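These notes concern the structure reproduced below.
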Amino acid sequence: MTDQNTKLLAKTVTAIDIETENMGADIDLDNKRIISVQIGDATNVELYYADSKHIEHGLPSARDRIAEMLSKGHVFTGYNIERFDIPNLAKFLEIQVPPSNFIDLSQTDIIKSLKRTQALYKLEDVCQRLNIPVKHKHRMNEKAETYKTRQDILALADKEAPRIAAKRGGTVEFARKEAIGKIALGTAIFDSYKEFVGKEGSKDTLFYEYAIGDIVCEYRLFEVVKQRQCQTP
């Protein structure tokens, strides 16, 4: 049995996900801070956030909770967490999650096969292919669409596009379109977060739905990957 499959079969596996304040064009370099940490599975989710008025819901409590779970040998899972969530937890909250304690679903054999054969890369695309609901993604994407004509977003995309094109290749126009999408989505998420904070962490907000939705769909994706991959000879 591979090390990957051994972790998939661990007794205690929980999804972990973060949201950051990032209204730039680079999902790796433009993060200003973590605004929320979510931990849970398909039925029970804990949400901690930066501007909570209550200690038990603040980010220091998230740090303590993760440390406690790691001390018990807990394994965390999520999509693209090796590149995004794990480094940002270390950078902003000084939380070190060792490789032995996390499973990046995007790097499992089943998902890499989907990427290779069907060119599916985003979490929502993979989940839809595997019949896992991602309504929360659609709602946030719809909000982001309304931001794509804002002059400040267009101006920032114009500024960033040449740098992106030079770094990754391709045309400046393609890079500009990509930048508009990332800036608009980041801004929509952060505006939704501010509404969430203003309502003191209300569950009746788009940000809450979005943050919790990611954990639920990532855990369900874990269950599908576990079932398929660990049954493969």
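Things to note:
- Positive-end ranking of P98, I66, T12 along the dipole of segment 1-160, with charges on Cβ about the Cα centre, is headed by T12.
- Dividing the summed -39500 (n - 2.57) terms of all DSSP H runs of n ≥ 4 by the residue count of the chain sets its mean residue ellipticity at 222 nm at -17500 deg cm²/dmol.
- Residue among Q151, Q128, Q107 with the largest mean-square fluctuation in a Gaussian network model of the chain, springs linking Cα atoms under 10 Å: Q151
- Of K159/K199; K32/K148; K135/K167; K32/K203, those spanning more than 27 Å from alpha-carbon to alpha-carbon: K159/K199; K135/K167
- Across the chain, C-alpha contacts under 8 Å between residues 6 or more apart give a mean separation that, scaled by the residue count, equals a relative contact order of 28 percent.
- Near I95, the amide H atoms lying under 5 Å from its own belong to A90; only residues 5 or more places off or on other chains count, and H is placed 1.01 Å from N.
- Using the Cβ-Cβ distance between S100 and E223 with R0 set to 30 Å, the FRET efficiency from 1/(1 + (r/R0)^6) comes to roughly 0.90.
- Couplings for segment 16-29, taken from phi via the Karplus curve 6.51 cos²θ - 1.76 cosθ + 1.60 with θ = phi - 60°, read 9, 8, 10, 10, 10, 7, 8, 10, x, 9, 10, 6, 9, 9 Hz in order; Gly and Pro are left as x.
- In this structure the amide hydrogen of T20, modeled in the peptide plane, comes within under 5 Å of the amide hydrogens of I35, none closer than 5 places in sequence on its chain.
- DSSP H segments from the chain that extend 20 Å or more along their own axis, Cα-based, with Kyte-Doolittle mean of 1.6 or above: none
- Prolate/oblate/rounded call for the chain, Cα gyration tensor, a/c under 1.5 rounded: oblate
- Highest-MSF residue in the chain out of A157, A42, A165 [GNM, Cα springs under 10 Å]: A165
- Trypsin sites (Lys or Arg not before Pro) restricted to segment 182-214 and DSSP loop, no more than 14 other C-beta within 10 Å: K199, K203
- Here is the list for segment 69-162: chymotrypsin sites (Phe, Trp or Tyr not before Pro) lying in DSSP coil, each with at most 16 other C-beta atoms within 10 angstrom of its C-beta, are Y121.
- Cα gyration tensor shape of segment 1-85, rounded if a/c is under 1.5, else prolate or oblate by comparing a/b with b/c: oblate
- Given +1 at the Cβ of Lys and Arg, -1 at the Cβ of Asp and Glu and no other charges, the dipole of the chain around its Cα centre is 600 debye to the nearest 20.
- The chain - share of DSSP beta bridges that are antiparallel (%, nearest 5): 65
Read-outs: derived from the displayed coordinates by stated rules, not from any lab. None of these values were measured; they are calculated from a predicted model. A quick note on method: Cβ atoms are made from the backbone with ideal geometry, for glycine too, and the neighbour counts reach across all protein chains shown.
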